[in-house]
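Here the structure is laid out as structure tokens; the discussion comes afterwards.
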């Protein structure tokens, strides 16, 4: 039986077999999740968010995840390279840090240009 994983905010969904990691599901769905360690729970770059009511849709955290994330697990953060699908769920993918920095810079520039019009 296949389960559906939906990646937010891009709203892309993919059907996967139970036991599939979120990172693998994201790659198959064309969703970019940054990682440097190729899924070995070493870089901590592939963090995703899972809402409280969706957390049981994933298998329990691995020992590596527990060590790496600590209290972030309680807040719903999981490592996509370690978190495995148990049943259908939605996952929040944070904005890439480089893209976020560029977006903020562009917003500042736009705001400055808008301010110039009102001088």
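The values are calculated or read from the model by the stated rules, or taken from the named source; none is laboratory data. These figures come from a predicted structure and were not determined experimentally. Every residue, glycine among them, receives a Cβ derived from its backbone with ideal geometry; neighbour counts consider all protein chains shown.
Scanning segment 1-14 for residues being touching a helix residue (DSSP H, G or I) at 6+ places or on another chain (Cβ under 9 Å) and farther than 25 Å from residue 95 by Cβ gives a total of 1. Residues that are without any contact (Cβ under 8 Å) to a residue 60 or more places away in the chain and within 13 Å of residue 49 (Cα to Cα) within segment 72-98 comprise 72, 73, 74, 75, 76, 77, 78, 79, 80, 94, 95, listed in sequence order. Of everything in segment 1-22 that is closer than 24 Å to residue 98 by Cβ and touching a strand residue (DSSP E or B) at 6+ places or on another chain (Cβ under 8 Å), the residue that is surrounded by the fewest Cβ atoms within 10 Å (Cβ to Cβ) is 9. Being surrounded by 15 or more Cβ atoms within 10 Å (Cβ to Cβ) and under 21 Å from residue 98 (Cα atoms) is a description that applies to residue 27. Could we say that residue 40 is at pLDDT below 95, surrounded by fewer than 13 Cβ atoms within 10 Å (Cβ to Cβ) and over 18 Å from residue 96 (Cα atoms) here? Yes: the conditions hold for residue 40. On inspection, residue 46 passes the criterion of being closer than 21 Å to residue 64 by Cα and touching a strand residue (DSSP E or B) at 6+ places or on another chain (Cβ under 8 Å).
Segment 1-90 holds no strands (runs of 3 or more DSSP E) entirely within its bounds that carry 3 or more residues that are at positive phi.
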